């Protein structure tokens, strides 16, 4: 008995050690980012491993400096608008199409749905040049509309919502029909509220994807006042790459809002990503 | 002719169905299908001066792309990146996911931490790692007492960038693995325990085969994700980096030609090479799926 319990304890100990080692590896870049952000540049580049913590006071004013000089308010505003419109467009078009593909019968359904599936298999890079040319022709460069443009509809979201609607029981529509609902009312008042979890998954997925996207904002929003946080960081690095505390302060400012949202809605985030399994 | 036979109810469904899918289908055609075809066309054209007009040049761009050492090198760089990111990211994630199946204190905290890089902009992540890797002032060289040019030595820069990729993706893979593990019935393990199977034996005889659909899904999405890597590469590898040629991915090269240099015809041809390459990889993955994935 005794040996079993010791083995169990050793087992548990090893498990914890592995998890803790990896947790530390995951944390180090974040900690170093914050510690650098509150140092002076001189401290940051002093080649002494024991200068881990700032010893000339904590320079939180780095954040204020970066906030002002890089116009973070505009970057936040642009990013939030970009994310909100992408999420609204994706959820709206995908829930309608998902309902039709999942619950209705109509001629041409199979062919249309195969177009949805094929889109998901094509590497997105093939769309970029013509999308850029279209945005340019529509005079939408350096606008939120231009940023949102490629995300007006979503094949992946349509697929996700279709699966969501398919999993609902069949008698719902019959009951609604008996109560005199037409298809539009059945969709809006009965079916749509029941696929809330799929919608949340799609919303989180879309928001994260937009937040993390770098290439598209760099292409369509070349102006520093119209661009997003991600593309803004790229611009800053190009211009002020050797002011390390400023760079790290900017990086912290760019990721903190999403981290806070993630920690608050953790369950939805993790479940949303796990169930949608989208390619991020 | 089918329309005449429709009952009123079928007719209603048809009208509503098409009305509901119309925005999505129009969007897919305008935003995806037309651009895909247009890219093929552009790859056959020379971009006119000042971005004006396309001059049809046949296969000239393809001749230039396929004859370019730079393109082949960047394709090889992309494969090398995938060789670092995909296996390491998956094996570590699987180990962590299996360990997290046990009853542990602070499980949620660990999960939160491992998943954290997933909610960070890759641009920010790359900036921090670039700083950690800094040859003169970086934490890594300071702690290890080394003087390694982590991201500007062509021999190792691809590994350094790959490691950033692994760090970024572990949590995502882990969450997918945890989802897959939860679907394996517990009685299999209980039965195995009664038969006296060791934990290692249980892992290889129960977990591995029953998890294979999840594993395959992750392998497939990660391979394609790695082959189209851009953000990390772009942020870490400056234009002046000595290791740029031996490290940059093919999508980075595409971006440089199509948007920095404005040579869209050439850029389009690079994309076509990437698309064909990914299609070949997908084809072989599908073949592999039939052989090794266990669906019950």
- Query: Hey, got the average number of other protein chain Cβ atoms within 10 angstrom for residues in B:33-46?
  - Reply: 4
- Message: Averaged across B:106-117, how many Cβ atoms of other chains sit within 10 Å of each residue's Cβ atom?
- Response: 5
- For helix A:125-137, what angle does its Cα long axis make with the longest principal axis of chain A, in degrees from 0 to 90 and rounded to 10? 90 degrees
- Quick note on B:279, B:174, A:236, ordering by fewest other C-beta atoms within 10 Å, gives B:279, A:236, B:174
- Residue-averaged 222 nm ellipticity for the protein assembly as shown, from DSSP H runs of 4+ at -39500 (n - 2.57), nearest 500: -22000 deg cm²/dmol
- If you take the beta carbon distance between residue A:222 and residue B:33 as r and set R0 to 30 Å, what does 1/(1 + (r/R0)^6) give as a FRET efficiency, to the nearest 0.05? 0.65
- Task: Note down the relative contact order for chain B as a percent, whole number, built from C-alpha pairs under 8 angstrom at least six residues apart.
- Result: 27 percent
- Task: Classify segment A:83-224 as rounded, prolate or oblate, taking a ≥ b ≥ c as the square roots of the eigenvalues of its Cα gyration tensor: rounded when a/c is under 1.5, otherwise prolate if a/b is larger than b/c and oblate if not.
- Result: prolate
- GNM result for chain A, Cα springs below 10 Å: residue of A:238, A:180, A:102 fluctuating most strongly: A:180
- Query: Once you sort the root eigenvalues of the Cα gyration tensor of segment B:60-267 as a ≥ b ≥ c, which label holds: rounded (a/c under 1.5), prolate (a/b larger than b/c) or oblate (the other case)?
  - Reply: prolate
- Among B:116, A:133, B:232, which comes first, second and so on when ranked by fewest other beta-carbon atoms within 10 Å? A:133, B:116, B:232
- On alpha-carbon atoms, Rg over Rh for the protein assembly as shown using Kirkwood Rh? 0.99
- Note on the structure: Inter-chain shielding metric for A:101-111, i.e. average beta-carbon neighbours from other chains within 10 angstrom, reads 5
- Query: In nanometres, what is the gap between the two model label sites at residue B:194 and residue A:120, each 7 Å from Cα along Cα-to-Cβ?
  - Reply: 4.0 nm
- Message: Which of A:167, B:212, A:201, A:3 has the fewest other C-beta atoms within 10 Å, and how do the rest follow up to the most?
- Response: A:3, A:167, B:212, A:201
- Note on the structure: Taking a crude spin-label model, label points 7 Å out from Cα along the C-beta direction, the residue B:143 to residue B:56 distance in nm is 6.0 nm
- Message: Roughly how far apart, in whole Å, are the Cα centres of segment A:13-80 and segment A:147-220?
- Response: 38 Å
- Candidates B:140, B:28, B:66; GNM for chain B (alpha-carbon contacts under 10 Å) flags as most fluctuating B:28
- Task: Distance between Cα centroids, segment B:53-91 to segment B:157-182: provide it in whole Å.
- Result: 24 Å
- Measuring from label point to label point, each 7 Å out along Cα→Cβ, what is the residue A:60 to residue B:101 span in nm? 4.6 nm
- Message: Between B:169, B:194, B:218, where does the largest GNM mean-square fluctuation fall for chain B, given springs only between Cα atoms within less than 10 Å?
- Response: B:194
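A short reminder: the numbers here are calculations on the coordinates, not readings from a lab. As the structure is a computational prediction, the values presented were derived from the model and not from experiment. Here the Cβ is made from the backbone with ideal geometry for all residues, glycine too, and neighbour counts use every protein chain on show.
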